[in-house]
Amino acid sequence: SKLKTKINKNNINNFIVINSKSDQEFSDILLKHFSKKNNFFFLNLANKIFFDPFLNTHKKKIINFHPSYLPEHKGLNAFEKAYKTDLKSGASVHFINKKIDGGKIILRKRYLIDRNKSFKFNRHKIFEIQFKQFCKIVESI
């Protein structure tokens, strides 16, 4: 995939955590695997809340790619909420902090939902925006 190519080209270490029982366990697994403070973390489709000491150790290093124009539609199923209620959505990149989708916004792009197209088409457009945002962030680090 294009994303995997970009990750490999930029020598980005990647690690996938599957089947953690709780958000705290997820944070603990990441802290054990990434104890150095110089790591950046890129999240997409994340459904976990981060806790200390992982969150505190990696302050302003955990970056989330969120499928809505923050601060609109925070939390899970953000694009679905926007699609059902609005004519506009977007994609945002922000630092993770203790508030759900409440960290400092790094990038955002507005997207006007095309009601003549399917949900799947519109959601794919958000993925395309997120991929471009990922490339821009990686190149700036």
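What to note about this one:
- Within segment 41-98, the set of residues being under 25 Å from Ile29 (Cα atoms) and more than 14 Å from the chain's Cα centre (by Cα) comprises Phe51, Asp52, Pro53, Phe54, Leu55, Asn56, Thr57, His58, Lys59, Lys98.
- Filter result for Ser35 (of a type in the set (S, T, N, Q) and either farther than 22 Å from Val138 by Cα or in contact with a Ser or Thr (Cβ under 7 Å, 6 or more places away or on another chain) (or both)): no
- Residue in segment 64-85 that is aromatic (Phe, Trp, Tyr), part of a helix (DSSP H, G or I) and over 18 Å from Leu112 (Cβ atoms) present: no
- Meets criteria (open to solvent by less than 50 Å² (accessible area, probe 1.4 Å), under 15 Å from the mean Cα position of the chain (by Cα) and closer than 25 Å to Thr5 by Cβ) for Ile137: yes
- Hey, Phe50 touching a helix residue (DSSP H, G or I) at 6+ places or on another chain (Cβ under 6 Å), open to solvent by 10 Å² or more (accessible area, probe 1.4 Å) and more than 17 Å from Ile129 (Cβ to Cβ) or not: yes
- Residues (open to solvent by 70 Å² or more (accessible area, probe 1.4 Å), at pLDDT 95 or above and more than 14 Å from Phe65 (Cβ to Cβ)) located in segment 88-115: Lys104, Arg110, Leu112
The values are calculated or read from the model by the stated rules, or taken from the named source; none is laboratory data. Worth saying up front: this structure is predicted, and the values here are computed from it rather than measured. With ideal geometry, Cβ positions are generated from the backbone for all residues, glycine too; neighbour counts draw on all protein chains shown. Just the protein is used for accessible areas: all its heavy atoms, side chains included, with ligands, DNA and RNA removed. Shrake-Rupley method; radii C 1.70, N 1.55, O 1.52, S 1.80 Å.
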